[in-house]
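To start, the structure itself, in structure tokens.
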Amino acid sequence: MDINLLSFGAMAGSRPWVTRPPPFRSGHAGCAQVTARPRRRRGAPHRDARRPVCPAQPSRGQTPPRPAPARAPRLAGAAGAAHSRPPESSGPRGRQDPRREPMEPARARREDGRAEELLGQLEGLVKDVVRASSWWERRGVDCAILALSLLAVPAGFLCLRSDNVLVFAVGITILGVCHYTLTVKGSHLATHSALTESKYWNKILTLFFVEVCTAFPAEYAKYGHVKLHHGYTNVVGLGDSSTWKLPCLNRYIYMFLAPFLIPIVTPLVALEHLRKVELRSALQTLGLISLGLYSHYWLLLNVSGFGSPSSALACMLLTRSLLAHPYVHVNIFQHIGLPMFSLDKKPRRIHMMSLGVLNLPRLPVLDWAFGHSLISCHVEHHLFPTLSDNMCLKVKPVVSKFLREKQLPYNEDSYLARFRLFFDRYEEFMVQAPPITELVGLQ
């Protein structure tokens with residue numbers, strides 16, 4: 001699992017503009033001198049009749065007129081935004097042709113507004129579906145799948161006691177599928193707070209599914225998946241799924257052999273991360289990871305009846321890598337090979353998710369173990385990450401219809417077609433740096 005969702009208001013208010021007449025000066029421009037002012041003795045009162053009459057000066061007792069508000073000069077270009085750019089030279093003297101002034105800032109603002117409007121319309125449609133759904137549809141179905149998987153674990157350990165090869169294989173299958181249901185589906189839904197509305201219980205579930213079952217630090221998983229991957233989907237260096245690239249491996253080793261190492265690599269990556277956190281948090285996470293690994297090992301020895309530690313460890317590796325190949329493949333198929341963006345020119349959310357995310361067809365085993373949001377409803381999941389797997393499946397017709405009606409991409413492809421594509425173009429997709437996509441003229 002790729003254990004990995006921001007308007008200014010201006011308030012204008014001013015008191016009425018009050019102007020005070022400037023002090024009288026006998027030489028004030030525009031005033032007609034009616035009579036000369038005689039010299040006044042000290043203490044004598046003023047005689048208004050002898051003051052000059054100035055049309056520009058308001059007489060006493062009258063309210064001065066309110067001055068007209070100053071108007072900002074009109075700037076050429078796109079809403080006055082192009083003035084910050086240097087003028088383009090249109091001739092030998094470098095004079096700017098007003099007909100060729102850049103319009104990118106205004107066009108960008110219109111496109112951003114249009115994108116936000118489209119996303120708002122889609123959110124309204126999805127919210128209507130969610131409001132009309134029951135608790136069972138919103139959270140109950142996925143909680144039931146996780147509960148059944150947890151209850152099926154004892155049956156898997158008991159099947160491993162049998163000498164019958166078929167029964168033993170059934171036990172391996174049960175433990176393998178239940179392991180990936182709890183570690184992938186459970187961890188994914190818990191990090192997105194899609195299982196419960198309670199923050200307390202969501203934290204407990206996250207610690208159980210991510211640290212006890214998956215053997216990975218919960219905080220690091222939530223930061224890498226929710227903050228980076230979802231916040232910067234397909235942005236190079238942040239949410240571009242580059243953590244899944246191993247350029248040192250060739251296509252055969254990466255696609256066929258490397259997935260078997262997932263159960264070994266995951267705890268090692270966790271230990272490397274724990275070196276960078278505070279001691280108390282590291283000890284807590286290390287204790288929960290150890291509890292999950294040792295419980296699996298102890299149950300194989302004492303319930304399944306394995307006679308040696310090596311055979312128990314080998315069974316742990318087998319069950320924990322049963323679905324490792326599709327797990328790795330799904331994480332690279334649904335993002336790598338699609339448009340990648342730079343941080344300073346990333347598109348708006350609805351364009352980013354419709355361009356950079358791909359849906360695979362429904363596959364029963366993977367739908368159960370990984371969840372619809374990681375397989376057939378990945379576009380819907382990236383647009384609405386807090387929805388459960390079952391709700392992503394329910395809103396899929398609404399989302400796909402809306403995107404197609406608005407002439408936006410809705411990427412879909414089969415598992416086998418993506419596998420062939422990655423195998424044939426492995427060097428381009430998994431070794432070389434991806435090309436940067438810039439969107440121009442979105443309508």
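The values are calculated or read from the model by the stated rules, or taken from the named source; none is laboratory data. Just so it is clear, the model here is predicted, and its values are computed rather than measured. Please note: Cβ atoms are built from the backbone with ideal geometry, for glycine as well, and neighbour counts cover all protein chains shown. The accessibility values were calculated without ligands, DNA or RNA, using every heavy atom of the protein model including side chains. Shrake-Rupley method; radii C 1.70, N 1.55, O 1.52, S 1.80 Å.
Sorted from longest to shortest, the spans of the Cα atoms of region 143-229 along the three principal axes equal 47, 22, 16 Å. The residues of region 252-324 expose on average 59 square angstrom of accessible surface per residue, using a 1.4 Å probe on protein heavy atoms. Amide H contacts for Phe341 (H built 1.01 Å from N in the peptide plane; partners 5 or more residues away or on another chain; cut-off under 5 Å): Val235, Val236, Thr437.
Considered as an equivalent ellipsoid built on the Cα gyration tensor, region 269-356 has semi-axes of 39, 21, 9 Å, the largest given first.
I'd like the trypsin sites (Lys or Arg not before Pro) in region 130-186 restricted to DSSP loop residues with at most 15 other Cβ atoms within 10 Å, sorted by number.
On the way: sites: Arg131, Arg138, Arg139, Arg161, Lys185; in loops: Arg161.
Answer by residue number: Arg161.
For region 288-443, the spherically averaged projection of the C-alpha convex hull amounts to 12.8 nm².
The portion of the accessible surface of region 281-397 made up by carbon and sulfur, rounded to a whole percent, is 68 (1.4 Å probe; DNA, RNA and ligands excluded).
Loop only by DSSP, 15 or fewer other Cβ within 10 Å of the Cβ. Give me the trypsin sites (Lys or Arg not before Pro) in region 270-303 that pass, ordered by residue number. Here the sparse-neighbourhood loop sites are Arg275, Lys276. Roughly how many debye, to the nearest 20, is the charge dipole of region 207-361 about its Cα centre, given +1 on each Lys and Arg Cβ, -1 on each Asp and Glu Cβ, and no other charges? Dipole size: approximately 400 debye. Accessible surface calculations at 1.4 Å, restricted to protein heavy atoms, place region 333-443 at 44 Å² per residue. Each Lys and Arg adds +1 at its Cβ and each Asp and Glu adds -1 at its Cβ; summed about the Cα centre, region 219-282 shows a dipole of about 20 debye.
Take Glu137, Glu117 and sort them by solvent-accessible surface of the protein heavy atoms, 1.4 Å probe, largest at the top. Could the numbers behind the result be given before it?
Details: Glu137 60, Glu117 95 Å².
My answer, sorted largest first, is Glu117, Glu137.
Taking the centroid of alpha carbons for each part, region 205-238 and region 347-372 are 17 Å apart. Projected onto their three principal axes, the Cα atoms of region 321-379 cover extents of 40, 19, 13 Å, largest first. Projecting the Cα atoms of Ser414, Ser373, Leu387 onto the charge dipole of region 330-443, computed from C-beta unit charges around the Cα centre, puts Leu387 farthest toward the positive end.
Taking 0.36 nm per residue of sequence separation and removing the Cα-Cα distance, the Thr243/Tyr415 pair yields an extension gain of 59.8 nm.
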